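Please read the structure below before turning to the comments.
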Amino acid sequence: MEQGNVIQNLINVAQNSLETTYFPQDYNAMLNGLSCVPDESILEKYIRYSLQGYYPTQLLDYVAQNDVLPNGSRLYNFMVNNLIDVVKSTNFERFVQNMVIGWSTDAQLSQLNSFDWQSLILNSEQANAWNNAISRVNQTRSWLNSYKKDISDWLNSNFS
């Protein structure tokens, strides 16, 4: 049996177990584990399947939380390389929300503000999702600016 079929069967079993509220922690642990696969091509396939509805959208949450690429750029890179798939997905909003988890730098904000949509036009829901992502990054930046000194002081006093 092909690896993809085995994984799909595991996901189906896990989804069915959620409906009976049996082993929900195992379901989440499995999705978390899938998001940590070291083979980039397999992970991209999982992201694509999640966008297409074959895999649970929660997988995107775990991919974002476990992003080890510099600047948390895994989902952003996926979007750049698979723009049409992301824009056409019914899970666009969730994808974009997860894409900006942990984003707070000038460079990241600039990436959002100057994103090249390659002549694609977002519908109003997608445009709102994108604008909300920009707002979220700005909120994170504002929070960091407000508490940066207090956090630094605490870290310096407790871990110097």
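Quick look at the numbers
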{"quantity": "For the chain: Kirkwood Rh in Å [reciprocal of mean 1/r, alpha carbons]", "calculated": "17.4"}
{"quantity": "Furthest towards positive pole of dipole, N123, N66, T90, structure part the chain, Cβ charges", "calculated": "N123"}
{"quantity": "The chain: calculated mean residue ellipticity at 222 nm from DSSP helix runs of at least 4, using -39500 (n - 2.57)", "calculated": "-22500 deg cm²/dmol"}
{"quantity": "Among 55-67, 24-36, the order from most to least packed when residues are scored by Cβ within 10 Å on average", "calculated": "55-67, 24-36"}
{"quantity": "Computed FRET value (nearest 0.05) for N145 with D26, which takes r as the C-beta separation and R₀ as 41 Å", "calculated": "0.50"}
{"quantity": "Rounded tilt (10° steps) of 124-159 against the dominant C-alpha axis of the chain", "calculated": "60"}
{"quantity": "Listed residues F115, F78, F92, most fluctuating in the chain (Gaussian network, C-alpha, under 10 Å)", "calculated": "F115"}
{"quantity": "In order through region 25-38: 3J(HN,Hα) via Karplus (6.51 cos²θ - 1.76 cosθ + 1.60), integer Hz, x for Gly, Pro", "calculated": "5, 5, 4, 5, 5, 5, 5, 4, x, 4, 6, 9, 4, x"}
{"quantity": "Relative contact order of the chain, defined on C-alpha pairs under 8 angstrom at six or more residues apart (%)", "calculated": "16"}
{"quantity": "By average C-beta atoms within 10 angstrom, highest first, the peptides 121-127, 97-103", "calculated": "97-103, 121-127"}
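Every read-out reported here was derived from the displayed coordinates using simple, explicitly stated rules and does not represent laboratory data. Since the structure is predicted, the reported quantities are computational estimates derived from the model, not experimental observations. As a convention, Cβ positions derive from the backbone with ideal geometry for all residues, glycine included, and neighbour counts pool all protein chains shown.
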